[in-house]
1. List the residue pairs whose Cβ atoms are under 7 Å apart, where the first residue sits in segment 58-69 and is at positive phi, the second is surrounded by 13 or more Cβ atoms within 10 Å (Cβ to Cβ) and modelled with pLDDT under 95, and the two are 6 or more positions apart or on different chains.
2. Which residues, counting only those in segment 139-176, are surrounded by fewer than 16 Cβ atoms within 10 Å (Cβ to Cβ), part of a loop (DSSP other than H, G, I, E, B) and at pLDDT 90 or above?
3. Right, residue 96: touching a residue at least 24 places away in the same chain (Cβ under 8 Å), assigned by TED's automatic domain parsing to the domain that holds residue 125 and assigned to a strand (DSSP E or B) or not?
4. Take segment 72-113 and flag every residue that is under 19 Å from residue 45 (Cα atoms) and either surrounded by fewer than 18 Cβ atoms within 10 Å (Cβ to Cβ) or at pLDDT below 90 (or both).
5. Scanning for something assigned to a strand (DSSP E or B), in contact (Cβ under 8 Å) with a residue 60 or more places away in the chain and within 25 Å of the chain's Cα centre (by Cα), does segment 185-207 turn up at least one residue?
6. If I ask for residues that are in contact with a strand residue (DSSP E or B) (Cβ under 8 Å, 6 or more places away or on another chain) and free of Cβ contacts under 8 Å to residues at least 60 places away in the same chain, which ones from segment 143-166 would you list?
7. Would you check which residues across segment 36-59 are outside any helix (DSSP H, G or I) and loosely packed, with under 15 Cβ neighbours inside 10 Å and list them?
């Protein structure tokens, strides 16, 4: 149960007003196979008053799509590009991408990501991007929300998440009888004298806690988004704990799209 508002509107009550301002590309890329590429472009154009014909042609050439090619004869990568073209060409205020690069080769993935990044950088539009490929998320996102088992296990600004998560390598004078316990530790690995801890928290407090354990920090490295996700999912499954970073004031020129 709950409610959804997009641009301050209820999409159930006012679907046309909402959908006319939204571009969407799904993992399924369910496009009419009997159409040619140029027919798909003309067909989609009829639903959008803001359609930019010149931009659509620019994208078609950039993606190297043959206008006479049948949709059903396109490769998986070409099909994804065609879907992204019609999602972008009316210059939507909100672009929703559900696993857009799933199953694509690295070259096509990069090409599509570059088009998405340009949309954000050049026009300041909002992109809602769902993906299991976390390296993609790091390239295009300002804010992230991680989900596991239907629950949000971490959400916040990407830069704040990366800043607040890091790995500490600890060295003990003698092997501890049990793995070291630190407040804010998400994942502890190692054995004997040396242990690595993936942490979330204030560095000064963690450093003081390490001293109390009788250990010293011999290395500190940044944690990747992928490592953070795996650690958070493991903690969620074992404790049911959900983390939300403290709210901060953010200035943005992007249109409001709330959920």
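The values are calculated or read from the model by the stated rules, or taken from the named source; none is laboratory data. As the structure is a computational prediction, the values presented were derived from the model and not from experiment. Counting neighbours? That spans all protein chains shown, and the Cβs are built from the backbone with ideal geometry, glycine included.
1. none
2. Matches in segment 139-176: 173, 174, 175.
3. Judged against the criteria, residue 96 is a match.
4. Correct list: 91 only.
5. Within segment 185-207, not a single residue is assigned to a strand (DSSP E or B), in contact (Cβ under 8 Å) with a residue 60 or more places away in the chain and within 25 Å of the chain's Cα centre (by Cα).
6. Within segment 143-166, 143, 145, 147, 166 meet the criteria.
7. Passing the criteria: 46, 47, 49, 50.
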